[in-house]
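The values are calculated or read from the model by the stated rules, or taken from the named source; none is laboratory data. All of these numbers come straight from a predicted model, not from anything done at the bench. A quick note on method: Cβ atoms are made from the backbone with ideal geometry, for glycine too, and the neighbour counts reach across all protein chains shown. Areas reflect the complete protein model, heavy atoms only, side chains present, ligands, DNA and RNA absent. Shrake-Rupley method; radii C 1.70, N 1.55, O 1.52, S 1.80 Å.
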Amino acid sequence: MKRVFLNPFVALAAGLCLRLFFVLKYPANSGDMVLYEQIATNWLKHHVYAMDVAGAVTPVDLRMPGYPAFLAMVYAITGRTGENARPWVMLAQIAVDLVACLAIARLAELLACTAEGVPANKRVRSVALWLAVLCPFTANYTAVPLTEVFAVLWTGLGCCVLVLGLRRVEQPDFLLKNSHLPVRKSVECTALGAGLIVGMGTLFRPETPLLLIAVATVFGGLFFGSQSLKRWVLVSLAMALGCGIVLSPWALRNMATLGETQFLAPKDSNLPGELVPRGFMAWEKTWLFRVRDCYLVPWKLNGEAIDVDDIPARAFDTAEEKQRVAAVLEQYNNDLTLTAEEDAAFAEIARERNARHPLRTYVWIPAARTVTIWFTPRIELLPISGHVFPLKQMREDDPVDQEMTILFFALNIFYVALAVWGAVRLWRSNAAARPAVAFLALFITIRTAFLTTLETPEPRYVLVCFPALIALGAQAFAPRFRTQ
């Protein structure tokens, strides 16, 4: 039985079955999916990275090119596009996600290495692999054409290389005994490789360089402690150079086509000449922290009518404020297009709310968003309501729905709690791994803080942290040793 558990092919087979179950039973749709498919189709057919705007093929930069390139490749191989190609896209994403599981297992193994560079036994790697292949939250996203599986893959690979770099600061020959790479240059070369990998990830998700910010901070602590400021600068430049090399073609394309130096997708994802509703978004940030409210308000903007009665009571401090919002929405609902004047009215309301309760906007709402994106059932792609309360009524109306919601919520708690346990255990038992633990913890913290600033707190965005979460969780099963 132990031999079966340690066999990676058995784990990968189990992961394949789980992902095929989601793809065949619960294929999902998303608003971004149509956008990606349109860009990929135009790229393949017209050789232009563009969308159809007012009947014309219009070059855009509102999404990074990695995922459209993947779709275009699948379209070219299968001879199908759009909806007809989705089954093939999902099958390809299954393969990508299983590779990501192997990267997570490798990351866990690197974390568990002792100070002498002797790898821990296969148990940690196997536990991490099983935790990864059986994780329903990442597996579920193979069933929808979105960037999540690629974000998880590149983050996992990037973390592996960055952990190697951190370990080589104090142990230059860490896992390099049979390499021709000069020991004294191993950290800089590893940093360059990490930059290249993070650059590839950035082609899929523009916030991927947060990894480099987190690791540069930890590198700074290590190098400053040994008074090696020059090496910290060199390592940071190597990471930035690697990332910049990969992103340069995209930036050159934007300069040549759109007349702008843009290494990343624009923050507000707007089309040329399109109004960015900054006032509306500022107003949202004073009250919105639940995903269910996104369906009722922001995701209806410029497409559907918004009913003031659908907005939670916490969005209004007074009855007079609610009347002001209702008056603005009444004007908006006439043509379903937010004007600059209407956006300015929302901006004024947001300023007043911020002045009255600054802690609410800058502390309590971000804190509530943190809880929302981390402690959620993660059933947004499944035909499950996510409602548990009132317990008795939900039990009578739909017991299966309630039970599945509770199960997924408990699984999410399990993964988070296991990661905390594993991180604490690794920190206490393996002094050589502490910089790596600090890096992963800091990355999760920075990533979470960044997500609380977005217009909508979507739990799927935190899945990028799951490679670190799972690799740390596997350390709870590592053999006992102390290297302090």
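Figures for the structure shown
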{"read-out": "Complete set of residues in the stretch 331-363 that are open to solvent by 30 Å² or more (accessible area, probe 1.4 Å) and of a type in the set (S, T, Y)", "value": "T337, T339, Y362"}
{"read-out": "Residue that is farthest from A478 (Cα to Cα) [pool: residues in the stretch 430-440 that are in contact with a Phe, Trp or Tyr (Cβ under 8 Å, 6 or more places away or on another chain) and open to solvent by less than 20 Å² (accessible area, probe 1.4 Å)]", "value": "V437"}
{"read-out": "Residue among V246, V215, V235 that alone is more than 27 Å from L454 (Cα to Cα) and not small (G, A, S)", "value": "V235"}
{"read-out": "Residue within the stretch 67-84 that is open to solvent by less than 20 Å² (accessible area, probe 1.4 Å) and in a loop (DSSP other than H, G, I, E, B) present", "value": "no"}
{"read-out": "Selection within the stretch 377-394 - open to solvent by 30 Å² or more (accessible area, probe 1.4 Å), at pLDDT 70 or above and either more than 32 Å from the chain's Cα centre (by Cα) or more than 16 Å from K25 (Cα to Cα) (or both)", "value": "S385, H387"}
{"read-out": "Pick from the stretch 1-55, criterion in a loop (DSSP other than H, G, I, E, B) and within 25 Å of the chain's Cα centre (by Cα), ranking: surrounded by the fewest Cβ atoms within 10 Å (Cβ to Cβ)", "value": "N29"}
{"read-out": "Qualifying residue in the stretch 106-118 (condition: free of Cβ contacts under 8 Å to residues at least 40 places away in the same chain, touching a strand residue (DSSP E or B) at 6+ places or on another chain (Cβ under 7 Å) and open to solvent by less than 50 Å² (accessible area, probe 1.4 Å))", "value": "no"}
{"read-out": "Lone qualifier among T370, T286 - being in a helix (DSSP H, G or I) and open to solvent by less than 50 Å² (accessible area, probe 1.4 Å)", "value": "T370"}
{"read-out": "Single unsatisfied condition, W299 versus (1) outside any helix (DSSP H, G or I); (2) under 22 Å from E207 (Cβ atoms); (3) open to solvent by 30 Å² or more (accessible area, probe 1.4 Å)", "value": "(1)"}
{"read-out": "Given (1) closer than 30 Å to A474 by Cβ; (2) in a helix (DSSP H, G or I), index of the condition C113 fails", "value": "(2)"}
{"read-out": "Single match in W250, W299, W283 (criterion: among the aromatic types (F, W, Y), under 23 Å from the mean Cα position of the chain (by Cα) and modelled with pLDDT of 90 or more)", "value": "W250"}
{"read-out": "Residues located in the stretch 49-71, provided they are more than 11 Å from T81 (Cβ to Cβ), modelled with pLDDT of 90 or more and not hydroxyl-bearing (S, T, Y)", "value": "M64, P65, G66, P68, A69, F70"}
{"read-out": "Pair list, Cβ under 8 Å, 6 or more apart: the stretch 327-341 residue closer than 17 Å to I311 by Cβ and among the charged types (D, E, K, R), other residue open to solvent by 50 Å² or more (accessible area, probe 1.4 Å) and not in a loop (DSSP other than H, G, I, E, B)", "value": "none"}
{"read-out": "Residue count for the stretch 46-83, restricted to those that are closer than 28 Å to T261 by Cβ and of a type in the set (D, E, K, R)", "value": "3"}
{"read-out": "Residue ID - nearest to I213 (Cα to Cα), chosen from residues in the stretch 161-180 that are out of contact with any Ser or Thr (no Cβ under 9 Å at 6 or more places or on another chain) and either open to solvent by 20 Å² or more (accessible area, probe 1.4 Å) or at pLDDT 95 or above (or both)", "value": "Q171"}
